[in-house]
Amino acid sequence: MTWREATIGEIGSVKGGKRLPEGHQFASEPTSFPYIRARDIGGGKIEIKEPVYLQEHTQKILSNYTVRTDDIVITIVGANVGDVGYVSELFDGANLTENAAKISVNRGLVNPYFLKTFLAMEQSKGRLSFVASGAAQGKLGLYKIKTFQVPIPPVLIQDRIADLAKAYDDLIENNRRRIALLEEVARMLHREWFVEFRFPGHEHVEITHGLPGGWERRKFSDVCETIGGGTPQTEKPEYWNDGDIPWYTPTDITRNSCLALLDSATKITEAGLRGSSAKMLPSGTLLMTSRASVGFFGIIETPSCTNQGFISVIPHDPQARMYLLHNLMHRVEEIRSHAGGATYKEISKGKFRELPVVIPEASLLREFEEQVSNLHAQVRNLHMMNQKLTQARNMLLPRLMNGEITV
């Protein structure tokens, strides 16, 4: 079955966001006026990891550029043009950046969650990116959004598809929240034991020169192997075509929702590995981004390699793996302070290896490794579940949207 089509302009209104007026700055403290930036939009949702807020006098000037519950927001410039988000009640009344637009639909014609689901599909994003590519700097003008064609099945069918899509989205989001909670528990345990020194049995341990007995001050060069990465020549198809070796770039980490990196979408061949400075890394290796976006972390679950944007850390003592990971994450600002460079920031392997690190006594390391590895195993399972849910949703929705199967 093929549904009729309509333009977005026929089923709703499209309006751009607004930048801060000249001379105005974001508030130094949280206020009642959150501001949605392009980086907060993607994957069909709005997720603000680094919130910014408007001052009250700024919000009054920009009061006509807010979003409402059930609006759809879409990025209109930049590398991620065409990314889509859905405005939940949490963001009702928030202000919107000039780098995005909002779509407010006629609810008598279209279920807003149905439209969000359609626009968030990879096929739609590809079409939107193609439309934007014809403009200078890849801009998706408002008139282009208004003329974008979308399927319009009967509202009852839209509602059923929207309910099904939301069921998938809610499961994925609930798992994501559980992942975030488990990772926070691990961070709190590290902070409790190794920063505040309230580890099991701490009452009976003497502090000498600022450290509990049995702990040592070392350098990273003493406790781990550090490995860089490389990029096979892109003009050699034999380095890439039909490759089966996962090859990570910093984007795989900065966009990842948790520390568990199960696989990379990009693969290289054995010839590509041999023909570049990339190195094969064992499962369990800790990855730290080391240039441009310094100080993002992940753990690979299968033997893999990376490009030049990482310092990969392999602990000499496997029982210190989780401790070293959380030590690094706790010190991320310190690590970034050692990054230099005019064009982009980078911390070298040499400088990283000279950084000091405190190593607790062995039995405490083993206990921390056991507890946090268990938490990480739960994270990995939830992450795998989300990957499968996402794959199932992404296979099902296009067939529902074109009427190939019915609900």
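Which of the residues belonging to the stretch 49-76 are open to solvent by 40 Å² or more (accessible area, probe 1.4 Å), modelled with pLDDT of 90 or more and either outside any strand (DSSP E or B) or not aromatic (Phe, Trp, Tyr) (or both)?
Of the stretch 49-76, the ones open to solvent by 40 Å² or more (accessible area, probe 1.4 Å) are 49-51, 53, 55-57, 60-61, 63-65, 68.
Then drop every residue that is not modelled with pLDDT of 90 or more, which leaves 51, 53, 55-57, 60-61, 63-65, 68.
Once the filter is applied, which keeps residues that are open to solvent by 40 Å² or more (accessible area, probe 1.4 Å), modelled with pLDDT of 90 or more and either outside any strand (DSSP E or B) or not aromatic (Phe, Trp, Tyr) (or both), the stretch 49-76 yields Pro51, Gln55, Glu56, His57, Lys60, Ile61, Ser63, Asn64, Tyr65, Arg68.
For Gly78, the test of being within 21 Å of Tyr113 (Cα to Cα) and either of a type in the set (A, V, I, L, M) or out of contact with any Cys (no Cβ under 6 Å at 6 or more places or on another chain) (or both) is failed.
Residues that are under 30 Å from Val155 (Cβ atoms) and not β-branched (Val, Ile, Thr) within the stretch 4-39 comprise Arg4, Glu5, Ala6, Gly9, Glu10, Gly12, Ser13, Lys15, Gly16, Gly17, listed in sequence order. Quick check: is even one residue across the stretch 220-229 open to solvent by less than 30 Å² (accessible area, probe 1.4 Å), out of contact with any Gly (no Cβ under 9 Å at 6 or more places or on another chain) and part of a helix (DSSP H, G or I)? Yes, the stretch 220-229 contains at least one residue that is open to solvent by less than 30 Å² (accessible area, probe 1.4 Å), out of contact with any Gly (no Cβ under 9 Å at 6 or more places or on another chain) and part of a helix (DSSP H, G or I). For Pro112, state whether it is under 21 Å from Asp70 (Cβ atoms), of a type outside the set (Asp, Glu), open to solvent by less than 30 Å² (accessible area, probe 1.4 Å) and at pLDDT 95 or above. In short, yes. Looking only at the stretch 370-381, residues that are buried (at least 18 other Cβ atoms within 10 Å of the Cβ) and either in contact with a Pro (Cβ under 9 Å, 6 or more places away or on another chain) or within 8 Å of Met322 (Cβ to Cβ) (or both) come to 2 in all.
Name the single residue, out of those in the stretch 267-292 being open to solvent by 50 Å² or more (accessible area, probe 1.4 Å) and assigned to a loop (DSSP other than H, G, I, E, B), that is farthest from Tyr239 (Cα to Cα).
Quick first cut of the stretch 267-292, residues open to solvent by 50 Å² or more (accessible area, probe 1.4 Å) only: 267, 270, 274, 277, 279-280, 282-283, 291-292.
This time we only want the ones that are assigned to a loop (DSSP other than H, G, I, E, B), so: 277, 279-280, 282-283, 292.
Details: Ser277: 13, Lys279: 14, Met280: 15, Pro282: 21, Ser283: 22, Ala292: 26 Å.
Ranking the candidates gives Ala292 first.
When the stretch 385-407 is filtered for residues that are out of contact with any Pro (no Cβ under 7 Å at 6 or more places or on another chain), aliphatic (A, V, I, L, M) and in contact (Cβ under 8 Å) with a residue 24 or more places away in the chain, the ones remaining, listed by number, are Met385, Leu389, Ala392, Leu396, Leu397, Leu400, Val407. Quick check: anything in the stretch 147-161 within 30 Å of the chain's Cα centre (by Cα) and open to solvent by 60 Å² or more (accessible area, probe 1.4 Å)? Scanning the stretch 147-161 turns up at least one residue that is within 30 Å of the chain's Cα centre (by Cα) and open to solvent by 60 Å² or more (accessible area, probe 1.4 Å). Checked against (1) exposed (fewer than 14 other Cβ atoms within 10 Å of the Cβ); (2) without any contact (Cβ under 8 Å) to a residue 40 or more places away in the chain; (3) farther than 20 Å from Leu325 by Cβ, Lys144 passes all but condition (1). Taking the criterion of being within 27 Å of the chain's Cα centre (by Cα), surrounded by 14 or more Cβ atoms within 10 Å (Cβ to Cβ) and acidic (Asp, Glu), the residues of the stretch 330-369 that qualify are Glu346, Glu369.
Residue count for the stretch 211-226, restricted to those that are modelled with pLDDT under 95 and in contact with a Lys or Arg (Cβ under 9 Å, 6 or more places away or on another chain): 1. The single residue among Thr117, Thr31 that is polar (S, T, N, Q) and part of a helix (DSSP H, G or I) turns out to be Thr117. Restricting attention to the stretch 230-262, the residues that are of a type in the set (D, E, K, R), touching a residue at least 40 places away in the same chain (Cβ under 8 Å) and surrounded by fewer than 21 Cβ atoms within 10 Å (Cβ to Cβ) total 0.
From the list Leu325, Leu364, exactly one residue is touching a strand residue (DSSP E or B) at 6+ places or on another chain (Cβ under 8 Å), among the hydrophobic types (A, V, I, L, M, F, W, C) and outside any loop (DSSP other than H, G, I, E, B). Which is it?
Working: Leu364 fails: touching a strand residue (DSSP E or B) at 6+ places or on another chain (Cβ under 8 Å).
Exactly one residue qualifies, and that residue is Leu325.
Against the numbered list (1) small (Gly, Ala, Ser); (2) closer than 30 Å to Thr7 by Cβ; (3) in contact (Cβ under 8 Å) with a residue 12 or more places away in the chain, Ala186 comes up short only at (2). For the stretch 180-232, a residue qualifies if it is among the β-branched types (Val, Ile, Thr), in contact with a helix residue (DSSP H, G or I) (Cβ under 8 Å, 6 or more places away or on another chain) and within 26 Å of Asn374 (Cβ to Cβ), and the qualifying residues are Val185, Val195, Val223.
The values are calculated or read from the model by the stated rules, or taken from the named source; none is laboratory data. Bear in mind that the values here come from a model prediction, so they are computed numbers and not experimental data. For neighbour counting, all protein chains shown are included, and Cβ atoms are generated from backbone atoms with ideal geometry for every residue, glycine included. Quick note on the areas: whole protein, heavy atoms, side chains included, nothing else; ligands and nucleic acids left out. Shrake-Rupley method; radii C 1.70, N 1.55, O 1.52, S 1.80 Å.
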